[in-house]
1. Can you tell me which lysines have their Cα less than 27 Å from the Cα of Lys225? Leave out same-chain residues fewer than eight positions away.
2. Could you name the lysines in cross-link range of Lys99, using Cα to Cα under 17 Å and dropping any fewer than eight places away on the same chain?
3. Can you tell me the length gained on complete extension of the stretch Gln73 to Glu171, counting 0.36 nm per residue apart and subtracting the Cα distance?
4. Could you tell me which trypsin sites (Lys or Arg not before Pro) in the stretch 66-106 are loop residues by DSSP with no more than 13 other beta carbons within 10 angstrom of their beta carbon?
5. How high is the FRET efficiency between Gln302 and Arg189 when r is their beta carbon distance and R₀ equals 45 Å, given to the nearest 0.05?
6. Sort Ser62, Ser333 so that the residue with the fewest other Cβ atoms within 10 Å of its own Cβ comes first and the one with the most comes last.
7. What FRET efficiency do you get for Leu52 and Leu368 if R0 is 41 Å and r is their Cβ-Cβ distance, rounded to the nearest 0.05?
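What follows is calculated from the coordinates using simple rules that are stated; it is not laboratory data. Since we're looking at a predicted model, the values are computed, not measured. Note that we place each Cβ from the backbone using ideal geometry, even for glycine, and neighbour counts take in every protein chain shown.
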Amino acid sequence: MRFRGYNNPCAIQKTVYGIEGREGMTPYHRHLSRKVEFARDAIVTWIHDWKLAAGDRLPPYSKLREEFGLGSQTIAAAVGSLCELGVLEVRDKVGIFVKNPEGGHLAGRTVAVAVRSLVGSSYAAMLAGFIQKQLNEHNCRCLTFYQQSDPELAPRPDLNEFPGLEQAAAEHRFDGMISLCPFADAARRRLENCGVKYCFIGDDDHPAPAFGVLIDVKGFIGSAKRKLEQAGCRRIVQFCASPTQAAQRRHLLATVTGCSYDGGAEIARKFLALPPEERPDGIVSDDDTIVSGFLAELVSCQPAGEGYLPLVATIVHEEIGERYPSPRMILYSQNVEAYAKQAVALLLKMLQGAVVNDTMVTYKFKELSRTRETVSPVRQIKR
């Protein structure tokens, strides 16, 4: 098997992060040339891609030179560096062997992650954290780039709206990218021209790229609406986190906009100001933060044991298991860690040169049984 992509001369320019200043590292390691760093990363990647264990043998020097397109001195320096770190050992007249696959805690590949602001979104923060966790478990470095422009003004952003991203792609500082927001078509084409493998992970509000993990939010909204109607609700609305999201989902259900926990509380105050016969009796939302703020405000603003409490269809994260201050809930679950695992697995398959048949994996929310405890230990409101 060939080392795919390693003989690209542009890839030699790749910058290695996380090495400078590491405790216990000799000056020899801190000042390796970029070609040697590249060769060392390629060898580490080979070890992890093939799941080699201690005692397994690597290809001979001649094969490594051929695969990487590098000279003998560069390969020898990379092997020597890995020997000093305890990853490899060279046995005279026998060959190169793995001594400790985890020695030196080196990462083979570098993967960029593009995210929007994490403020006010437990989902986005969890997803970004799980992606980084999965990359680390696969011995990949993680470079995170944050969108600086207002997502409302740029729902499908360009590369230049993530400081440093476009230059890093042009200089081949990372091998692949996982994006939590849908880039504009021109941005994706520039990434492809730079040789960057791209994987999207997110909901189906926007036209999705051809490769990644798609969260079936529209399917959830349709299912939740039917459940509420079956329960007798006639004035059903959905909570949206932004005007842009509301515009994208308005054809599915009437929308009310509120951002984060405070936004949910503001919606509650607006509903309470309406005449009782005009208040929505059914709520749909895939944003647990808005729902939490909405219900908490209803509980705190009304007399104990009485008041307005609509039936709410929303989600809980399997990793957290939210408990809402209301017994009137229709709950769906989502596994954010599963999204991250799938996205990382898809991207690594591409980087390894494997043929990926399922280019877009769709996840649907799962309705939970009503036996699950949904009420947090605060005062309840009786309908």
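1. Candidates past the 8-residue exclusion: Lys270, Lys364, Lys366, Lys382.
2. Result set, ordered by chain and number: Lys51.
3. Answer, rounded to one decimal: 32.8 nm.
4. Working: sites: Arg91, Lys93, Lys99; in loops: Lys93, Lys99.
Here the trypsin sites (Lys or Arg not before Pro) that fit, given the DSSP loop and packing criteria, are Lys93.
5. After rounding to 0.05, the efficiency reads 0.25.
6. Ser62, Ser333
7. Details: r = 42 Å, r/R0 = 1.03.
The pair Leu52/Leu368 has a calculated efficiency of 0.45.
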